[in-house]
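Report on the structure given below.
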Amino acid sequence: MRQAKIEGSARKQSRLSRGRRERASVAAELPLVLWVLFMVIGFPLLNLSAAFLRVTFLYAGIHFASFSAARANTFLTPVDGKPSAVAEGNAKLAQVKAAFSGLDVQNIKTEILVTNVNTLATTSSALPLSKPADQSVNTYQIQVTADCLGAPLLPIPTPVPIAGVSKPIVFTLSARQYCENPQGLTL
């Protein structure tokens with residue numbers, strides 16, 4: 001009986017020390033696991049999410065700029081104190097850039113897209129039309145294109161630069177709208 005008690009207490013002692021060793025190994029590995037979880041998975045995903053959110057704001061800005069440019073009365077030259085399509089597109093993109101941090105817009109290009117209704121052939125021009133617009137043959141659109149950069153929230157230094165994590169993510173975004181005043185595209 002005494003022998004059984006001693007064996008039972010030895011088994012219990014063995015289980016307790018094994019549980020302590022397991023808890024000690026978990027406590028020793030926990031900082032490494034947390035570091036991997038946050039630095040390798042969590043922070044890069046946070047940076048990538050912030051960069052894509054910023055690019056989404058830029059896409060909305062490009063869309064807004066093309067909409068404003070399509071409503072302008074002229075393409076290149078301001079008339080009667082009203083801005084041209086090119087100036088309107090640049091101004092709207094500058095507003096979006098100023099409203100949010102971590103954004104950059106470069107190489108803004110505003111073009112006229114002329115699409116033949118019969119053949120669906122499209123031509124683009126960064127200059128005003130040489131002939132008056134003929135809406136019975138063509139459709140006229142204004143397209144705004146820009147190179148956009150969205151910076152990560154907290155750039156993490158990495159040996160290899162990763163877009164959206166350690167350096168800005170770069171997109172070329174464009175949007176087009178039908179021109180509301182095609183006769184003004186010659187100015």
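Based on the reciprocal of the average 1/r between different C-alpha atoms, the Kirkwood radius for region 2-186 equals 20.7 Å.
Rounded to the nearest 20, the Cβ-based charge dipole of region 2-186 about its Cα centre (Lys and Arg +1, Asp and Glu -1) stands at 1840 debye.
Taking region 137-165 and a reference point 7 angstrom along Cα→Cβ of PHE43, the backbone N atoms nearer than 11 Å belong to 154-158.
Only DSSP H runs of four or more residues enter the estimate; each adds -39500 (n - 2.57), and after division by the residues of the chain the mean residue ellipticity at 222 nm equals -14500 deg cm²/dmol. Compared with the direct C-alpha span, the chain from LYS167 to GLN106 gains 20.3 nm at full extension, assuming 0.36 nm per residue. Placing unit charges on each Cβ (+1 for Lys and Arg, -1 for Asp and Glu) gives the chain a dipole about its Cα centre, and among PRO83, LEU129, SER49 the Cα reaching farthest toward its positive end belongs to SER49.
Computed on the chain, with alpha-carbon pairs under 8 angstrom and 6+ residues apart, the relative contact order is 25 percent.
Counting 0.36 nm for each residue step from LEU53 to VAL33 and taking away their Cα separation leaves a gain of 4.4 nm.
Read-outs: derived from the displayed coordinates by stated rules, not from any lab. Computed from a predicted structure; not experimentally measured. Because the Cβ atoms are built from the backbone with ideal geometry, glycine has one as well, and the counts that use them run over all protein chains shown.
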